[in-house]
Every structure is written in C-alpha cells, then in structure tokens.
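Inspection log for the structure reproduced underneath, given as structure tokens.
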Amino acid sequence: MPELLPKNTWLADPALRSLLTRWLAPAAFDRAEPLLAEMGRAAACELLSWGDACERQPASLRQFDGWGNRIDEVVYPEAWRQIAGVAARSGLVALAYEPESLNSFGADARLIQAALCYLFAPSTATYLCPVAMTDGAARILAGPIGPAHEVFGHLVSRNPQTAWTSGQWMTERQGGSDVGRNTVVARQDGDRWRLYGEKFFCSNIGCEVALALARPEGAQAGTRGLALFLVPRERADGTKNPYRIDRLKDKLGTRAMATGEVTLEGAEAQLLGDPGRGFSQMTAMLNITRLHNAITAAALMRRAWMLAAAYAEQREAFGRTLAQHPLHQQVLDGMQGEADGALYLTMRMAQLLGRIDCGSATAHEEALFRLGITLTKLYTAKQAVAVVSEAIECFGGQGYMEDAGLPRLLRDAQVLPIWEGTTNVLSLDALRVLAKSDTLDAVAAELERLQALDRAAALDLAREASSGGVESAARRIAYALAESWTGGLLHEAGFSGPRVTHRLPGSALPPR
Ligand SMILES: Cc1cc2nc3c(=O)[nH]c(=O)nc-3n(C[C@H](O)[C@H](O)[C@H](O)COP(=O)(O)OP(=O)(O)OC[C@H]3O[C@@H](n4cnc5c(N)ncnc54)[C@H](O)[C@@H]3O)c2cc1C
C-alpha cells in the first residue's frame with residue numbers, strides 16, 4: 001500500500017532515529033545519517049516497486065537449454081537484479097568487513113549495517129535472505145581461512161558487477177534441526193573434494209557459491225563428523241559444477257526468493273577449516289543469519305504498524321476515524337510497543353556483535369551475545385507473526401486482500417520462526433548456553449544495568465535452567481528472559497511505562 005507509506009521510512013521512524021542518536025557517537029551518527037536517509041527514501045520508492053515486481057513475477061527454473069542439455073538456470077526478473085545492485089552498492093554485507101579506513105565506523109559498523117538492512121528489508125521481497133547468507137559466508141571466510149580468499153572479495157564487493165551471493169546448504173530431507181543425521185558424503189579427489197547426496201532446502205538457489213555441510217567418508221556419525229565446504233556454482237574452467245536443481249519449492253511465502261532442492265553429483269568443493277569443525281563453523285554462520293532474521297522481524301513489525309497507523313487516521317467508522325476509537329488505538333499502541341521492543345533487542349545484538357568483530361568485547365559481552373542472539377531470534381520471530389496478523393485485522397476485510405499488500409507481509413513473517421532454528425530448538429539451545437558458568441552472570445548484570453522491571457522473576461527461572469532445567473520449561477524460560485531484556489532496553493531508553501509492559505491483547509503468542 002504505497003499511498004499509506006511515508007515518503008521516507010527513516011524519517012518516519014522516531015524509534016530508530018532516537019536509538020541511533022543515543023547509541024552512536026555524534027560524528028558517527030552524522031556520517032551514517034545520509035546513508036540511512038537514502039535507504040529510507042528508496043524503501044518507500046523504487047525498492048518498493050521492484051519488490052512488488054518480484055512478487056508478481058517470481059524466479060523460475062530453466063532446467064534444459066534448447067538442445068536438451070541440463071543447465072539448471074534460475075531466471076530472475078530484472079527487478080531482482082536492481083534490488084541486488086542496491087544491496088551491493090549500499091554495502092549491506094561489505095560494511096561489516098571493510099577496514100575502518102574505508103567506512104570509518106569501527107565497532108559501530110554492525111549497528112549501522114543492521115539499521116540499513118532494517119530499512120531495506122520490508123520493501124525488497126525477502127532479498128535480505130541472500131544478504132544474510134552472504135554475510136554468514138563472509139564471516140566464515142574472514143576468519144582463520146583468511147580474507148585473502150578470492151571468494152571473500154566477491155562476497156563483500158560493493159560493485160554489483162563483481163558482487164556474489166551465497167547459499168547455506170545444511171538441511172536434508174531427514175532432518176533440519178537434527179543436522180547430525182546428515183548423509184551428504186564428501187570424498188577426497190586429489191587436492192579437492194567431491195560431494196554426493198541431496199540437500200532439501202537451498203534458499204537463494206541462484207547463488208554463485210554455497211557453504212554446505214557434508215560428512216567426509218569414514219568420519220564419525222553425528223554433528224562431530226560434519227565438515228563445512230565451499231561449493232561454487234561454476235568450476236574454475238567456467239563449466240557448471242555437477243549439482244542438479246531438481247525443482248524450486250512452492251512456498252507459502254518468500255515467493256520471490258527461489259528455494260531449491262539439490263542433488264549433488266560429485267560437485268567440486270573446497271574444505272573450509274578443520275574437517276571436524278563443520279558444526280561449530282555452522283553455528284558461527286547461524287549467529288549472523290539469526291541476527292538478520294531478527295532484523296527482518298523487527299522491520300516487518302514496523303512496516304505493519306506504520307501501515308495500520310496511517311490507515312487508522314483515514315478510515316472512518318461510527319462517525320470517527322479508527323484512531324479516535326480508544327480500543328483500536330490501544331491495539332495500535334500494542335503493535336508499536338512490540339515493534340519498538342524488537343528493534344531495541346535486535347540492535348543490542350548488532351551492537352554486541354560489532355564489538356566482538358572488532359575484538360573490543362569483554363568476556364561478559366561475548367557470553368551475552370551467545371545467549372542473546374538465540375533469544376532475540378526466537379522471540380522477535382514469533383512476535384512478528386502476531387503483529388503482522390494484527391495489522392491485517394486493523395484493515396478489516398481489505399487487509400485480507402492480496403492487492404492491499406498485507407498478506408505478503410504475513411506470509412513472509414511466517415517463515416521467521418522456522419528457518420535458522422525453530423522456537424523449540426532455540427529455546428533448548430538457550431538452556432544449554434545458560435548452563436555455561438559465565439552466561440548467567442552476564443545476563444544478570446545486563447538486566448541489572450537496565451533496571452528491567454521483572455528481572456528477579458526472569459533470573460530465578462534462568463538460575464533454575466542453569467542448574468539443569470527441564471526441557472519442557474525451555475520456552476517459558478526463554479520468553480521470560482527475552483521479555484525482561486526487551487522491557488529493560490525500552491525502560492532505559494525512556495519509553496513510557498505502559499508501552500514497556502504492554503502485550504498485544506489477544507495476540508497469538510505461543511504457550512509459555
Ligand atoms: C522457506 C524455507 C527456506 C529454507 N531455506 C533453507 C536453506 O537455505 N538452507 C537450509 O539449510 N535450510 C533451509 N530451510 C530449512 C529450515 O532451516 C528447516 O526447515 C528448519 O531448521 C526445521 O527443520 P525441519 O524442517 O527438519 O523440521 P524438524 O526438525 O523436523 O522439526 C519439526 C518440529 O519439531 C520440533 N522439534 C524438533 N526437534 C525438537 C526437540 N529436540 N525438542 C522439541 N521440539 C523439537 C521443531 O521445533 C518443529 O516444530 C528452509 C526452510 C524454509 C521453510
């Protein structure tokens with residue numbers, strides 16, 4: 001609904017502006033502001049129309065050329081390439097990896113990157129998914145493997161002609177959460193490896209490279225036997241690497257972003273790092289993609305609220321605008337509170353990650369991020385589905401209509417609790433992290449610093465968990481911590497009381 005959207009989503013987002021004003025040094029804010037203003041303008045203008053065009057004409061798969069040769073080419077609309085160009089030129093990946101001499105943001109680079117992605121995401125037909133996976137892959141290649149890796153240069157390029165995107169191929173038919181059951185095999189062939197088997201969910205399947213989990217022949221069962229490999233789409237001689245795209249998935253949402261099923265038929269691959277460390281490298285990659293998941297969740301909530309709030313000023317019922325009905329306004333306030341909370345929690349993670357990237361994080365901050373990124377992903381994803389669903393209801397019957405543009409937001413929100421780890425899987429992960437000695441101290445210090453209102457109750461639950469919490473309480477514990485942390489961040493930022501504690505009335509929150 002472009003007519004309801006403000007002309008610049010950065011200028012129309014006081015919560016984001018006030019967060020960055022407070023969290024960035026004035027000089028860094030001044031340098032970042034023109035970038036944010038330009039992204040906010042584009043998000044309400046050309047990005048929005050390109051995003052719509054991608055939704056109307058999703059990518060398709062051309063499996064054979066005219067002579068019957070297998071080509072497996074993913075055909076994207078021109079608008080997808082335009083969006084990709086903006087992502088590269090704006091440095092949505094690059095910002096986090098450029099030396100300070102290039103973008104001068106230092107430890108704040110992750111925060112500014114997150115803010116740009118947040119403005120970009122809701123207009124761009126889930127293109128932030130490729131950005132997220134590319135960021136995750138760059139993170140792996142920037143590590144001990146070395147930024148000298150040729151592929152790294154492509155992943156962090158700001159030039160659309162040379163910029164590449166990455167996929168992450170973990171999930172197989174028999175298990176996504178339980179990757180220890182993976183069966184794709186890696187065989188050594190001279191100085192390279194070849195992969196054999198099937199990957200069941202491969203998003204951004206048109207990617208130039210993918211990072212794939214596979215089990216070297218003879219390696220032990222379970223996650224310890226998994227290694228991480230780089231799989232290029234083309235071999236060094238320009239020929240197609242032997243993997244087949246069997247089909248594109250027919251999905252509820254993320255429709256413009258092609259997700260494929262793949263059969264690896266001896267695809268050439270390069271081993272990344274130690275063969276037994278594939279799973280822990282995957283975790284490092286997931287920390288990045290989970291942050292992008294939370295950014296998308298926060299951004300979809302903000303977009304849904306912006307549209308619903310603007311509509312409430314125009315639509316009349318019973319002689320008044322919807323906004324003048326106290327009950328409707330209360331619903332809108334609840335949505336805004338959820339969007340503000342998700343923004344603050346997510347940006348806190350981006351801030352911590354920036355410090356970790358620069359080596360300036362304390363041990364407490366590292367522990368805080370490890371727990372926090374899990375809580376933030378699971379919590380914001382669920383809230384996004386509830387808030388976007390509420391926004392549809394705010395439009396009455398028209399909200400349910402495809403041409404209003406709102407159903408797409410709900411479809412795209414619905415994937416957020418599933419990929420990058422489901423709510424249960426992440427809640428259990430949070431329990432495991434809480435059992436580590438320094439995590440509890442770190443989160444207690446954070447909630448104390450923020451003077452979070454319900455910190456005592458949340459920390460009691462967390463203490464219980466750290467001494468071996470029962471699995472069935474995992475969601476309740478994760479939610480209590482995430483809510484307390486969110487409330488604390490809003491409280492510290494000076495948001496008014498009711499908003500801090502406000503819950504969406506009647507929203508479809510999961511059982512605690
Ligand atoms: C649109 C889309 C795109 C995707 N893209 C990619 C991609 O690019 N790369 C990739 O690798 N994967 C991708 N995935 C796969 C996704 O990551 C997995 O679907 C997800 O991790 C869940 O795995 P699963 O489907 O095997 O479900 P399962 O693991 O079978 O889970 C089913 C249910 O059981 C619950 N459950 C599982 N284990 C436990 C437990 N121990 N305790 C309690 N409950 C449990 C889960 O919470 C869930 O509700 C994509 C998925 C979708 C929908």
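The values are calculated or read from the model by the stated rules, or taken from the named source; none is laboratory data. Everything numeric here is computed off the predicted structure, so don't read it as measured data. Using ideal geometry, Cβ is built from the backbone for each residue, glycine included, and neighbour counts are taken over all protein chains shown.
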Query raised in the report: Restricting region 53-76 to residues that are in contact (Cβ under 8 Å) with a residue 40 or more places away in the chain and either surrounded by 17 or more Cβ atoms within 10 Å (Cβ to Cβ) or aromatic (Phe, Trp, Tyr) (or both), which is farthest from Ala121 (Cα to Cα)?
Result: Asp72
Report task. Hey, can you tell me all the residues within region 469-492 that are surrounded by 15 or more Cβ atoms within 10 Å (Cβ to Cβ) and modelled with pLDDT under 90? Result -> Gly469
Query - region 241-265 residues that are assigned by TED's automatic domain parsing to the domain that holds Ala121, paired with ones that are more than 10 Å from the ligand (Cβ to nearest atom) and at pLDDT 95 or above (beta carbon under 7 Å, 6 or more apart) - result: none
Query raised in the report: Mind checking whether some residue in region 493-512 is part of a helix (DSSP H, G or I) and either among the acidic types (Asp, Glu) or modelled with pLDDT of 90 or more (or both)?
Result: no
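So if I check each of Ala361, Ala435, which one is surrounded by fewer than 23 Cβ atoms within 10 Å (Cβ to Cβ), touching a Leu at 6+ places or on another chain (Cβ under 7 Å) and farther than 22 Å from Ala256 by Cα? Can you show your working first?
Working: Ala435 fails: touching a Leu at 6+ places or on another chain (Cβ under 7 Å).
Going through Ala361, Ala435 in turn, just one is surrounded by fewer than 23 Cβ atoms within 10 Å (Cβ to Cβ), touching a Leu at 6+ places or on another chain (Cβ under 7 Å) and farther than 22 Å from Ala256 by Cα: Ala361.
Just to be sure, is Leu453 within 22 Å of Ser484 (Cβ to Cβ) and within 16 Å of the ligand (Cβ to nearest atom)?
no
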Requested in this report: Could you list all residues from region 187-202 that are surrounded by fewer than 18 Cβ atoms within 10 Å (Cβ to Cβ) and among the basic types (Lys, Arg)?
Outcome: Arg187, Arg192
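So in region 163-186, with the set limited to residues that are within 9 Å of the ligand (Cβ to nearest atom) and among the charged types (D, E, K, R), which one is surrounded by the most Cβ atoms within 10 Å (Cβ to Cβ)?
Step by step, filter region 163-186, then rank; the result is Glu172.
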Query raised in the report: List pairs: first in region 422-449 and assigned by TED's automatic domain parsing to the domain that holds Leu378, second of a type in the set (Lys, Arg) and within 16 Å of the ligand (Cβ to nearest atom), Cβ under 8 Å, 6+ apart or cross-chain?
Result: Thr423/Lys382; Thr423/Arg475; Asn424/Arg475; Leu426/Lys377; Ser427/Arg475
Query raised in the report: Among the residues of region 59-88, which ones are touching a Lys or Arg at 6+ places or on another chain (Cβ under 6 Å) and within 17 Å of Val156 (Cα to Cα)?
Result: Ala88
Query - Scan of region 7-27 for residues that are surrounded by 16 or more Cβ atoms within 10 Å (Cβ to Cβ) and either at pLDDT below 95 or of a type in the set (D, E, K, R) (or both), ordered by number - result: Asp13, Arg17
Report task. Determine whether region 404-411 contains at least one residue that is farther than 18 Å from Ala480 by Cβ, touching a Leu at 6+ places or on another chain (Cβ under 8 Å), of a type outside the set (Asp, Glu) and within 16 Å of the ligand (Cβ to nearest atom). Result -> yes
